[in-house]
Amino acid sequence: MSDRYQAEYIWIDGTEPTAKLRSKTRILSAGEKPPIWGFDGSSTNQASGDNSDVVLRPVFQCHDPIRKGDNILVLCETLLIDMTPHPTNTRAACAAMAEKHAASDTWFGIEQEYTLFEGSRPLGFPSGGGFPPPQGGYYCGVGADEVFGRPLIEAHMTACLEAGLKIAGINAEVMPGQWEFQIGPVVAPTAADHLWVARWLLYRIGEDFGISATLDAKPVAGDWNGAGAHTNFSTIAMRESFDACVTAAEALGRRADLHIANYGSGIESRLTGAHETARFDSFSFGVSDRGASVRIPWQVEVDGKGYIEDRRPNANCDPYLVTKLIIETIHEA
Ligand code: ADP
Ligand code: MN
Ligand code: MN
Ligand code: MN
């Protein structure tokens with residue numbers, strides 16, 4: 001036990017169209033709680049140089065599985081100096097929406113897909129250029145000819161567990177170098193808090209392996225799967241009745257365009273109607289249908305209750321926006 005410890009302050013910046021994660025370290029005295037802090041918003045697309053201070057307010061903290069010991073990760077929301085949410089802070093509205101409809105106890109399970117790169121080449125693509133054998137054997141595969149990046153993925157999963165994040169599982173995906181981890185089921189904004197910290201851990205542990213992860217929705221053009229963030233959710237009513245699951249799917253259909261507009265940059269390049277997607281400009285739902293916008297898992301039909309899967313969010317979505325909008329739509333649309 002040292003008399004001081006390290007707190008890694010993590011926040012979401014103002015990069016457009018897709019925000020990036022930033023972090024910096026603060027040394028605290030043993031027993032001292034992580035205080036409000038700040039940063040130079042002119043370097044993160046969150047302020048102008050002559051009025052550059054942006055405030056960091058801790059909203060979620062956990063054990064730091066990289067530094068270990070007493071050290072912690074501190075996820076923050078960004079505020080203006082009058083302590084109101086910064087325009088790029090999407091968490092505040094998510095938390096308010098979840099609070100407004102807290103009585104229905106909406107749980108989320110988010111499947112984060114991502115693609116590993118070594119330099120400009122997806123992991124598993126030939127180093128001399130060109131393409132690997134076509135998709136088919138990579139999904140949930142095993143063996144050095146089909147699976148790429150396992151040591152990093154295992155280290156990431158262990159780190160998420162040690163941090164106490166609600167990680168639900170991992171799998172190798174359809175394109176070589178593509179993987180998925182799931183967070184949930186848990187309420188908003190916690191699901192999104194855990195997802196953002198898990199993303200940060202993925203990038204940070206990737207540094208140690210010389211591998212970068214991207215959430216790009218369509219990292220390789222052509223006959224290669226894109227990367228999504230299927231968002232499974234349930235209210236108390238849905239966990240008790242199949243009809244409530246169908247009602248929620250119908251509500252999503254009434255505001256399909258609004259959801260597509262908030263589900264991540266480049267969504268048209270991924271939701272083409274091919275590669276287990278429905279087109280971005282059409283809405284459909286069905287039991288077991290991986291070509292629908294929204295899938296009702298077969299087990300839910302059998303059980304007559306459960307949850308549904310919104311398959312539309314991109315890998316690069318902001319889970320605060322996605323979970324906020326789903327809660328709003330199923331209760332208010
Ligand atoms: P898929 O078959 O689409 O690949 P996954 O197993 O990857 O599904 O992900 C399913 C996700 O749904 C998991 O994160 C799981 O925790 C979550 N989930 C399970 N039950 C519920 C529920 N009742 N409400 C919300 N999420 C749930
Ligand atoms: Mn999955
Ligand atoms: Mn998947
Ligand atoms: Mn899925």
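The values are calculated or read from the model by the stated rules, or taken from the named source; none is laboratory data. Just so we're clear, the structure is a prediction, and the values are computed from it rather than from any experiment. So basically every Cβ, Gly included, is an ideal-geometry build from the backbone, and we count neighbours across all protein chains shown. Protein only, heavy atoms only, side chains kept; ligands, DNA and RNA dropped before computing areas. Shrake-Rupley method; radii C 1.70, N 1.55, O 1.52, S 1.80 Å.
State all residues of the stretch 280-310 that are open to solvent by 20 Å² or more (accessible area, probe 1.4 Å), assigned to a strand (DSSP E or B) and not hydrophobic (A, V, I, L, M, F, W, C); if no residue qualifies, say none.
Let us first name the residues in the stretch 280-310 that are open to solvent by 20 Å² or more (accessible area, probe 1.4 Å), namely 280-285, 287-291, 295, 298-299, 301-305, 307.
Next, from what is left, pick out any that are assigned to a strand (DSSP E or B): 285, 287, 295.
Scanning the stretch 280-310 gives a single hit, R295.
Could you tell me whether M157 is closer than 23 Å to G226 by Cα, at pLDDT 95 or above and part of a loop (DSSP other than H, G, I, E, B)? Walk me through how you get there before you give the answer.
On the way: closer than 23 Å to G226 by Cα: yes; at pLDDT 95 or above: yes; part of a loop (DSSP other than H, G, I, E, B): no.
Here the answer is no, as M157 does not meet what is asked.
Number of residues in the stretch 82-114 that are farther than 30 Å from V174 by Cα, within 13 Å of ligand 1 (Cβ to nearest atom) and either free of Cβ contacts under 8 Å to residues at least 12 places away in the same chain or in contact with a Gly (Cβ under 7 Å, 6 or more places away or on another chain) (or both) equals 0.
Comparison of K24, K33 shows that the only residue that is without any contact (Cβ under 8 Å) to a residue 60 or more places away in the chain, out of contact with any Gly (no Cβ under 7 Å at 6 or more places or on another chain), in a loop (DSSP other than H, G, I, E, B) and not acidic (D, E) is K33.
Only residues that are part of a strand (DSSP E or B), more than 17 Å from the chain's Cα centre (by Cα) and not acidic (D, E): list them for the stretch 1-21, please. Steps first, answer last, please.
Step one: list which residues in the stretch 1-21 are part of a strand (DSSP E or B), which gives 4-12, 21.
This time we only want the ones that are more than 17 Å from the chain's Cα centre (by Cα), so: 4-9.
Across the stretch 1-21, the qualifying residues are R4, Y5, Q6, A7, Y9.
Taken as a whole, the stretch 138-156 holds at least one residue that is in contact with a helix residue (DSSP H, G or I) (Cβ under 8 Å, 6 or more places away or on another chain) and closer than 21 Å to A19 by Cβ. Scanning the stretch 217-236 for residues that are of a type in the set (F, W, Y), under 25 Å from A248 (Cβ atoms) and away from ligand 2 (no atom under 16 Å from the Cβ) turns up nothing. The set of residues from the stretch 170-195 being in contact with a Cys (Cβ under 7 Å, 6 or more places away or on another chain) and within 20 Å of A102 (Cβ to Cβ) comprises A188, P189, A192. Among the residues of the stretch 89-143, those identified as within 22 Å of G206 (Cα to Cα) and within 16 Å of ligand 4 (Cβ to nearest atom) are I110, E111, Q112, E113, Y114, Y139, C140.
Scoring L321 on the criteria (1) part of a helix (DSSP H, G or I); (2) open to solvent by less than 10 Å² (accessible area, probe 1.4 Å) leaves a single failure, condition (2).
Being in contact (Cβ under 8 Å) with a residue 60 or more places away in the chain and in a helix (DSSP H, G or I) is the filter here, so list the residues in the stretch 324-333 that pass it.
Initial filter on the stretch 324-333 (in contact (Cβ under 8 Å) with a residue 60 or more places away in the chain): 324-331, 333.
Within the stretch 324-333, K324, L325, I326, I327, E328, T329, I330, H331 qualify.
If the condition is being polar (S, T, N, Q) and surrounded by 15 or more Cβ atoms within 10 Å (Cβ to Cβ), then the stretch 38-54 contributes S42, T44, Q46, S52.
Of the residues making up the stretch 68-91, those that are open to solvent by less than 30 Å² (accessible area, probe 1.4 Å) and of a type outside the set (S, T, Y) number 10.
From the list F148, F117, F131, F108, the one residue that fits, being out of contact with any Cys (no Cβ under 7 Å at 6 or more places or on another chain) and open to solvent by less than 20 Å² (accessible area, probe 1.4 Å), is F108.
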